[in-house]
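Working notes, beginning with the structure itself.
The values are calculated or read from the model by the stated rules, or taken from the named source; none is laboratory data. Bear in mind the structure is a predicted one, so any value in this text is a computation, not a measurement. Quick reminder, even Gly has a Cβ in these numbers, built from the backbone with ideal geometry, and neighbours come from all protein chains shown. Note: areas computed on protein heavy atoms with side chains; ligands, DNA, RNA excluded. Shrake-Rupley method; radii C 1.70, N 1.55, O 1.52, S 1.80 Å.
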Amino acid sequence: MSDKIGANIPLIDHHCHGVVPENLTAEQFEDLLSEAFAPPPAGTSHWDKPLALSIRRWCAPMLDLPKFAAPEDYFARRQELGAVEVNRRFLRAAGFEMLLVDSGNRPEELCSVEELGVIADVPTREVVRMESVAERVAETSGVTAAGYADAFEAALRASLHNNVAGLKTVVAYRSTLAIDYAPPGAGEVARAAGDWLAEVERTGEARITDQVLERHLLWTGANIAREKNFPVQFHIGIGDPDIELNKVDPSRLTPFIREAEAWQFPITLLHCYPFHRHAGLMAENFPYVYFDVGFVQNWSGPSYQRIMDEALELVPFTKQLYSSDAFGLSELYYLGAMRFRTSVARALGSWIDDDELPAAEAERIIDLIGRTNARRIYSLG
C-alpha cells in the first residue's frame, strides 16, 4: 500500500532539459546512457549499468515489450515506434503539472522549451543558464574587455522574457566551487575579460572558466535574482568527467550563501550526490537554500531507495524539491518521476508502519516535495 501514497499527485520537475526530437542511432542512444564523453571500452556496452537495467525493467512495458527486454529488442521497438510517439508516451505517462527547463545545454540537439511542453501536454517555463549567456556575449562582435561586464548584464536581463522562472549556474563545472566568492572589482573583471576575449578570438570557442568572470557572473545573477525574486540553481556533485568531485561539495558554497542571505532569494542545489546529506544539512541551516537528489535516482538503478532515505534524514519537508535532470531521452522523465514517487512513498510508508508518521500527513509531505515547494519558490502560483 505504501507505493500508492501520493501516486496521483502531479509533479513539477524544477530542473530538466529537452528531448531529442528525431530517431537516434544505436550509438547515440548508448551515449545518452552515460555521463562520460567517451564510448565504453572495447567489448563492453553502456547497457551494462544500473540505469539501463531500470530502463529495460520499467520503460520496456511502455513500448509494449516484456519487462527486461533485450537491449537490441528495446532499441528496435523504439525505432519502430519513432521518436515522436516514444517521447509522447513517456512524457505524458510521467504525470507532470509543469516542467522548468534549462535551455542552455546543447540546445541545437534538443527540442525547444515550447516544443517540450507540447510533447508533454503541460506548461513549461525556462530557466536561463548564465554561462551560456556569457559565452554568447564573448562571441559577439564589438564587445571589449572594458565593456564586457555591462554587455553581460544587459544580455542576461534581455534573456528574461515573461516565461522565465529562474537562473542557473554551472560554476561547479567551470571554476569549481572551491573559489573566493568576494565580488570582483571592475578592473579585475576587465582584465579577465580581456584575456578570455583574446582566447575566444584565437580559438573560435567560448567557454567561460575564469574564476573572476564566474564570480562576476554569480553576483550579477544574484542581484537580478534579488530584484525579481528568482531562484538561482547551482549544479552540485555528480556530473560529466570534467567535474573535479572533491571541489563540488555544496559546503564550499557557504561563503557565498552567507553573503547573499540578506538578499533573500532562493538558492537551489541540484543533484547533490554523493553530497546529498551535506545539501540536506545546508537546507536545514540556511532559510533560503533548497535541494534535490535529481537524476541520481535514475542513474543508481535498483539502489535508488537508499538515496531518498538519506535525503529525507534531516531536511525540512518544505526545503526539498523534485527534479529529473532528464536530458535527451524521454525515458529519463518517466523513470525519474516513477523513482521519485516510489521512493518517497516507501520511505514515508515505513515511517507510518513504525508509528513515526500519521498516515494522514504522508500525502501532504509528498505534495510539498513534488510540487508545492517549487510553486512557492519559483512564484508559479
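Sequence-distant contacts, meaning Cα pairs under 8 Å at least 6 residues apart, place the relative contact order of the chain at 23 percent. Taken one residue at a time, the phi angles of the stretch 229-240 give Karplus couplings (6.51, -1.76, 1.60, θ = phi - 60°) of 6, 8, x, 10, 8, 10, 5, 9, x, 3, x, 5 Hz. Gly and Pro are set to x.
HIS161 exposes around 80 Å² of accessible area when a 1.4 Å probe is run over every protein chain in place. With all protein chains in place and ligands, DNA and RNA left out, the 1.4 Å accessible area ranks GLU356, GLU115 as GLU356, GLU115, largest first. Rounded to the nearest 20 debye, the dipole magnitude of the chain is 660 debye, with +1 charges on Lys and Arg beta carbons, -1 on Asp and Glu beta carbons, and the Cα centre as origin. Considered as an equivalent ellipsoid built on the Cα gyration tensor, the stretch 198-238 has semi-axes of 26, 14, 9 Å, the largest given first. Backbone amide hydrogens, once placed in the peptide plane, bring PHE96 within less than 5 Å of LEU11, excluding anything fewer than 5 places away on its chain.
The helix-only estimate of mean residue ellipticity at 222 nm for the chain, built from DSSP H runs of length n ≥ 4 each weighted as -39500 (n - 2.57), is -13000 deg cm²/dmol after division by the residue total. Going by Cα centres, the stretch 1-31 and the stretch 110-127 are how many Å apart? For the stretch 1-31 versus the stretch 110-127, the Cα centre distance is 13 Å. With 27 Å as the limit, the listed pairs LYS49/LYS168; LYS168/LYS319; LYS4/LYS228 have LYS49/LYS168; LYS4/LYS228 beyond it between alpha carbons. Taking the accessible area of the chain, probe 1.4 Å, and keeping the other protein chains in place, the carbon and sulfur fraction comes to 50%. Work out the FRET efficiency for THR25 and GLU356 from their Cβ-Cβ distance, taking R0 = 35 Å, and round it to the nearest 0.05. FRET efficiency, THR25 to GLU356: 0.10. For the stretch 88-158, the solvent-accessible area works out to 43 Å² per residue, with a probe of 1.4 Å and every protein chain left in place.
Relative contact order, whole percent, for the stretch 1-158 stands at 27, derived from Cα pairs under 8 Å and 6 or more residues apart.
Exposed loop sites here mean chymotrypsin sites (Phe, Trp or Tyr not before Pro) with a DSSP loop assignment and at most 14 other beta-carbon atoms within 10 Å; the chain contains its longest site-free run at 69-381. Taking each residue as 0.36 nm, the span from MET62 to LEU81 lengthens on full extension beyond its C-alpha to C-alpha distance by 5.7 nm. Averaging the sequence gap over all C-alpha pairs within less than 8 Å and six or more residues apart, then dividing by the number of residues, gives the stretch 229-301 a relative contact order of 35 percent. Counting only the Cα atoms, the stretch 176-330 fills a convex hull of 138 Å³ per residue. Classified by the C-alpha gyration tensor, the chain has an oblate form. Its axis ratio a/c, with a ≥ b ≥ c, is 1.5 or above, and a/b does not exceed b/c.
For the chain, complete DSSP H runs whose alpha carbons reach 18 Å or more along their own long axis and whose mean Kyte-Doolittle score is 0.0 or higher are 331-353.
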